[in-house]
Structures are given as C-alpha cells and as structure tokens.
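Please read the structure below before turning to the comments.
The values are calculated or read from the model by the stated rules, or taken from the named source; none is laboratory data. Since this is a predicted model, take the numbers as computed values, not measurements. With ideal geometry, Cβ positions are generated from the backbone for all residues, glycine too; neighbour counts draw on all protein chains shown.
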Amino acid sequence: MKVLVTGSSGLIGSEAVEHFDRQGHEVIGVDNNMRRVFFGPAGDTLWNLERLKRATKRFTHAALDIRDRAAIEELFRRQRFDLIVHCAAQPSHDKAKEIPLLDFEVNALGTVNLLEATRQHSPEAVFVFLSTNKVYGDAPNEIPLKELEKRYDYARTEDYDGIDETCRIDRTLHSLFGASKAAADLVAQEYGRYFKMNVGIFRGGCLTGPSHSGVELHGFLSYLVKVTLSGGTYSIFGYKGKQVRDNIHSYDVVRAIEEFAANPRPGEVYNLGGGRANSISMLEAIERIEQMSGNKLAWRYVEEGRKGDHICYISNLGKFKKDYPNWKITRGLDTILEEIIASQRQQLK
C-alpha cells in the first residue's frame, strides 16, 4: 500500500508515518514546518522529522506546501496513493485571529487541493481528514453543567457520555480556526457524499502524545508538561481552571484511521477523543503532572476565557465504536502523561 501523510512531522502525522512504515507500506510525508511559522522556534518540528528518518525504513519526506495547488497536483500525478491521511493544518484556536487569511488558506484551501488531486489521480483511495471538535463552536456550552470541586461536568444523565455528532456546527461562535476547519470538514463530506469517494472525517478532541511540539496556543497537555518541567509560568484562561477536555493518544487516533481505511464509509463524520475515562480538567491535570513529575508548577489565572472555547468537552465515541467494534482506547491518562514527561525530559537535556 502507498500512503500519503500530510503534516507528517506533527503529532498525528508522525504517528501515522511510523505506524504504516512498521507494517511495510511505502509512506510519503508532506510537511514544510509551517508550525514554526505559526508558533516560532518552540513550534519547530524538525527534531521530529529527524527522528522519523532514523526510525523508519520506507519513508520519504517532501517539503511541500498544501496551498501550492500545482505542487500537490504534480505529486499526485507522479504517485498513485491508496490512503491519504490529511493532518496538516493551522491548528490554533487563538492564533487564527492574527492570521485569518493564512489560517483559511492552509485549513480550507489546502484541504480542497488535496481532495481534488485525490479525485483526479487516486479516486479509489481512502482519504481521512483530521477535523476538530471546534467545528461545533461554543454550541456544546449550551448543555447544562454542574460545578464540582475541581471540574465542570454535565448536569444531565443523558449527556454523561459527552458530545455526539448531532451537535450543530452553525449559528454558534467558533473562532476563525473553527470556521476554517468547518469549511474543510464540509467540503470533505461533500467529496465523500457527492462524488462517492472514500472520505472519512474525524472531529478530534485533545489529540496528544510524546511527539507533540506543544506551545501555549496549541497542545494542552504537552505544553503543560513542558512548563512544569522547565520552570516557566503557565496561564489558565477563565472558568476557574475547571474546564474539561478528553485526551486521546496519537496511537489510538492512528488505529481509528486504520480501522476506517479497512472499511470506509463515504462522507461519514466521527467524533474522536479519549472519552470520559480520559477526561481531565485543568486543575486536575496540574495536580496529576506535579505528582508524576515531582515538579511544582507556577501558574497565573487570567479571568477572561478564550473566545468561543468549550467549558466541558467530552467526545461521545459511541458512533465510531458501533461502526468499528475492533477499535478501543488503549492508552489511559497516566500512560499518556508518563510518555509526555519522559519525552519532554529527553528534549530538555
């Protein structure tokens, strides 16, 4: 099988490269280190690219920009892909307001460039798009919540398993990032439903793992560990630090991609996160990381929350588990944090 991975030096992209390389597939990775452009030196992913080159056998890297339609067209004209895993993105909820045109070009235009190149040159391929739960905007905040000592949670028993795919994606405040990803999400669905292509859309919760180049504006757990270990000051934005996220290890994301690729459902949308078992609030995460690392975190509280942010978001995994019963979460929160702490300590040496 020939696999194309965009954003191949990033968190999910690099996990996909290693996973499919281990299985003996030929993997081409597209990544031009735009994360450094978005976030500065702290976002640089070259360390991960060098690690991939050492760790893989059949991986080829191409420093292409997905906004460059001619370059993408030429890549697809020369290669016939069986699977496209599209992870490349401007990934920050907050950064998008500073770079709205760049954000939209990367997230929306880049996605349609890839979809159309697939339609023209590899129409039978499976195309998996890594979308985001930010396509729901702040609509999840309309669900009644209860305030507990260290977290918010859903007040009604029917919401216990979290947000499912019926949550609306319009008439809600998104952030420009949420809007550009929603545009890409819709066009990906359309290529699946209208053109009957094997396109799947995963709306990710907090995707995490040891290969994350976490920064303040993107990469919640990774950045939190980095600041705890390096001795900086962490900022908590609003909601008393009780906002909740569900975290999924990059390996479990790639396993979901693999299951979908084996039995694709054209145009289907799935929420993908760690679920309730892997949910944690900011306060709980700080406490857990301090205990596990032996380091104390210096943090400050900023009263104003991030615009359009989720107060409590847990991914309801019921739909994906029903359609793909062989998939399950294999990495719990403690395992995820142990791996991130070990990775960050290695990088800080």
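Yes/no matrix, rows are residues, columns are (1) in contact with an Asp or Glu (Cβ under 7 Å, 6 or more places away or on another chain); (2) of a type outside the set (Gly, Ala, Ser); (3) more than 26 Å from ALA256 (Cβ to Cβ):
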| site | (1), (2), (3) |
| --- | --- |
| GLN23 | no, yes, no |
| ILE28 | no, yes, no |
| MET34 | no, yes, no |
| PRO41 | no, yes, yes |
| ARG51 | no, yes, no |
| LEU64 | no, yes, no |
| ALA70 | no, no, yes |
| ARG78 | no, yes, yes |
Quiz prompt | Where GLU303 falls short, out of the listed (1) surrounded by 14 or more Cβ atoms within 10 Å (Cβ to Cβ); (2) touching a Gly at 6+ places or on another chain (Cβ under 7 Å) | solution = (1)
Self-check item: Matching residues in segment 184-218 - criterion: being at pLDDT below 95 and β-branched (Val, Ile, Thr)
Solution: THR208, VAL215
Quiz item: From LEU207, LEU224, which residue is in a strand (DSSP E or B) and either in contact with a Pro (Cβ under 7 Å, 6 or more places away or on another chain) or on the phi < 0 side of the Ramachandran plot (or both)?
Solution: LEU207
Self-check item: Filtered residues of segment 11-44 (kept if assigned to a loop (DSSP other than H, G, I, E, B), modelled with pLDDT of 95 or more and either in contact with a Leu (Cβ under 9 Å, 6 or more places away or on another chain) or under 26 Å from PHE220 (Cα atoms) (or both))
Solution: HIS25, ASP31, ASN32, ASN33
Exercise. Tell me which of these LYS296 doesn't satisfy, since it passes every other one: (1) more than 19 Å from SER222 (Cα to Cα); (2) out of contact with any strand residue (DSSP E or B) (no Cβ under 8 Å at 6 or more places or on another chain); (3) not in a helix (DSSP H, G or I).
Key: (1)
Exercise. For ARG265, indicate whether it is in a loop (DSSP other than H, G, I, E, B), modelled with pLDDT of 95 or more, within 30 Å of ILE84 (Cβ to Cβ) and not acidic (Asp, Glu).
Key: yes
Quiz item: Filtering segment 327-348 down to residues that are touching a helix residue (DSSP H, G or I) at 6+ places or on another chain (Cβ under 8 Å), assigned to a helix (DSSP H, G or I) and among the charged types (D, E, K, R), which residue is surrounded by the most Cβ atoms within 10 Å (Cβ to Cβ)?
Solution: GLU338
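Can you name the residue in segment 85-127 that is aliphatic (A, V, I, L, M) and in contact with a strand residue (DSSP E or B) (Cβ under 8 Å, 6 or more places away or on another chain) and is also farthest from GLU26 (Cα to Cα) among such residues?
Result: ALA89.
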Quiz item: Looking at LEU272, LEU221, which one is modelled with pLDDT under 95, within 21 Å of the chain's Cα centre (by Cα) and closer than 19 Å to GLY13 by Cβ?
Solution: LEU221
Practice problem: Any residue in segment 31-57 that's of a type outside the set (Phe, Trp, Tyr): show its pairings with residues that are loosely packed, with under 13 Cβ neighbours inside 10 Å and not in a helix (DSSP H, G or I) at Cβ separation under 9 Å, as long as the two are six or more apart or on different chains. | Solution: ASP31/ALA63; ASN32/ALA63; ASN33/ALA63; LYS57/GLY24
